[in-house]
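The values are calculated or read from the model by the stated rules, or taken from the named source; none is laboratory data. Being a predicted model, the structure only gives us computed values, none of them experimental. For neighbour counting, all protein chains shown are included, and Cβ atoms are generated from backbone atoms with ideal geometry for every residue, glycine included.
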Amino acid sequence: MQKKLFVSLSATSVCLAVVCLVMTPVLRAQQAPWEGTYSAEQAKRGEALYGGNCVACHGRDLAGGDRAPALAGAGFKGRWGGRPLAELLDYSQAQMPLNAPGGLTRHQTADVLAYMLSKNGAGAGAKALWFDGPEGGWAPVKRSADFMKVATPSTKKGEAFYSEAQATRGKQAFNRNCAYCHTVDPKTSTPADLLQALPSTFGGHFLERVVDGKMVYPSVLMLYSKLLSMPAANTRSISEQQRVDIAAYILQANGYPSGKEEIPVDVNAMRIMSLNEPGFERIFNGKDFSGWNFNLGANCREAPAGCGRTDPGDVLRVENQTIVCECHIHGIFYTDKKYKDFTIRFDFMFEKPFEFAPDDDEELFSGGAGYLIFSDIGAPGYPKSIEVEGRYRDIADYYAIGGPGKIGKVDLEAKRKVMRPLGQWNSFEIMAKGGQIVTSLNGVPVSKVDKHDYNYAGNIAFQTQGRKMAYRNIRIKAE
Ligand code: HEC
Ligand code: HEC
């Protein structure tokens, strides 16, 4: 039976071969414009590219199907045989693959075309198919100069965010759920290892890894966020408590100190656990107003000497790690401690004003806010200080109160580029050092004072000026 089939099949192929032999000159004659327009090597490259980018729709052997027309055969030849090949190249590169038009470069598309021509019966020639034109395709990813640079290792790693007991629980969970794919062994952490897409260990300097100029895990939240996609076997196989415990274990393996408290399962709490800010200390603990004072009442001296109330009342409250300021009574709240050379960082957000329509210019929002540095709180009258403006309209301007008035320079263009809309968080940094001030908005320096003579340590005061807003993650590095 099998033998018979074999024989009859061979007979058919012979027969086909004969037909083909007879037919070939006719086809070749029809293909004259494509004959010899590509090289065999190019068609081979094209076959691989076709397999990776076109076959899903245009089918094996370019036969087409439900999803796309055939790219070989009479129909195709009829449509394209009489037109310049350059047009087919242009079309294929700009419109295909349909799921990612322009995804292949012009050179790659020319290779695929060579393969298509070979499948349409045109013979190869000596030279590759090419027509000049823009190379196109996705721009190669431009890596910044400090791509995959390791941040300068520091001995001061940051605050104590987790407890030893939590890291021990994390170790157990890690060993059970992660250790067959990963390790946290600090010994294998080398600069070369950190250049890998997936470093071989999560210990040592893993958390200091910088890619494209940015630290990959600047906060416990970003580490937790990555852990949400793990374990690879099934992300639902561990509990959220185990996930934060594993984060604690990774922190420990990176040399971060342990303390009394645990990392809670609370994204707002994890957000303010910075891993990239050695030397910074949180001056708002996320829970209450320890370390802060109040003087609320317009133009009031503080009670008992004056009309200013010294408790937050219903003007300010703490909610979800955030200071919510109703701000309906003007005044200030200020740090216990005094600072001379320092960097203070925090996030602020104005409530989206109900009276603004989407096309109203938000930069004109005049709801007030401001930060008084070098505040001389004890003295009568408005505290002598330098105010760094917090209002949208002129944010980061400087006013030397009790001094020369408006000072410093502002980079308007930079400011407008980085400012986020009302209702969104913006990050703010004021750095004061040796008579200079630099203020950054969302990580970009936007204003500076080259020289001032407020050279004494003062409190830092936040103004409350009538419009609802919020603050979070207030931390400071004192020099
Ligand atoms: C997601 C499906 C899909 C993929 C992948 C795809 N195509 Fe197409 N292609 C189509 C469809 C659908 C058409 C018909 C479009 C039309 O008629 O407007 C088409 C049309 C074409 C045509 C014109 C055919 C003709 O007879 O006029 C060419 C040439 C072509 N594709 C080349 C390619 C090449 C080369 C690739 C791979 C780099 C590719 N396509 C990948 C769906 C796809
Ligand atoms: C079956 C193997 C496997 C298991 C189990 C697994 N992972 Fe992964 N993990 C991977 C792969 C593959 C990657 C790289 C791809 C990615 O980043 O998603 C990765 C990436 C990571 C990264 C990112 C590393 C970087 O480049 O910054 C972290 C962190 C991580 N895993 C943690 C864990 C933790 C914690 C567990 C256990 C709860 C776990 N993984 C379980 C396979 C696994």
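Data for the structure
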item	result
Residue in region 142-149 that is modelled with pLDDT under 85, in the same structural domain as E47 (by TED's automatic domain parsing) and of a type in the set (A, V, I, L, M) present	no
Test: residue in region 187-199 that is away from ligand 2 (no atom under 16 Å from the Cβ), modelled with pLDDT under 95 and in a helix (DSSP H, G or I)	yes
Single unsatisfied condition, Q95 versus (1) surrounded by 13 or more Cβ atoms within 10 Å (Cβ to Cβ); (2) under 19 Å from V55 (Cα atoms)	(1)
When residues of region 200-225 are limited to those that are closer than 14 Å to A253 by Cα and either touching a His at 6+ places or on another chain (Cβ under 8 Å) or without any contact (Cβ under 8 Å) to a residue 24 or more places away in the chain (or both), the one nearest to ligand 1 (Cβ to nearest atom)	S200
From the options A179, A167, A173, residue that is more than 26 Å from the chain's Cα centre (by Cα), under 18 Å from D245 (Cα atoms), small (G, A, S) and outside any helix (DSSP H, G or I)	A179
Residues being charged (D, E, K, R) and either closer than 19 Å to V318 by Cα or crowded, with 21+ Cβ neighbours inside 10 Å (or both) - total across region 438-477	4
Matching residues, region 307-331, being under 24 Å from A457 (Cβ atoms) and modelled with pLDDT under 95	G308, T310, G331
Enumerated strands (runs of 3 or more DSSP E) restricted to region 430-479, each holding at least 1 residues that are more than 16 Å from K338 (Cα to Cα) and aliphatic (A, V, I, L, M)	436-441, 444-449, 469-478
Those residues of region 253-291 which are part of a loop (DSSP other than H, G, I, E, B) and basic (K, R), in sequence order	K260, K287
Residue count, region 334-366 (criterion: over 29 Å from K433 (Cα atoms), touching a Lys or Arg at 6+ places or on another chain (Cβ under 9 Å) and of a type outside the set (D, E))	4
Set F346, F374, F350, F342: member being modelled with pLDDT of 95 or more and touching a Leu at 6+ places or on another chain (Cβ under 7 Å)	F350
I238 being of a type in the set (A, V, I, L, M), within 11 Å of ligand 2 (Cβ to nearest atom) and buried (at least 19 other Cβ atoms within 10 Å of the Cβ)	yes
All positions within region 158-179 that are over 11 Å from Q252 (Cβ atoms) and either at pLDDT below 90 or polar (S, T, N, Q) (or both)	G158, E159, Q172, N175, N177
Test for A400: is it modelled with pLDDT of 95 or more and touching a His at 6+ places or on another chain (Cβ under 8 Å)	yes
Test: E41 is of a type in the set (D, E, K, R), under 39 Å from the mean Cα position of the chain (by Cα) and more than 10 Å from ligand 1 (Cβ to nearest atom)	no
Search result, residues across region 178-223 that are surrounded by 20 or more Cβ atoms within 10 Å (Cβ to Cβ) and farther than 19 Å from L275 by Cβ	C178
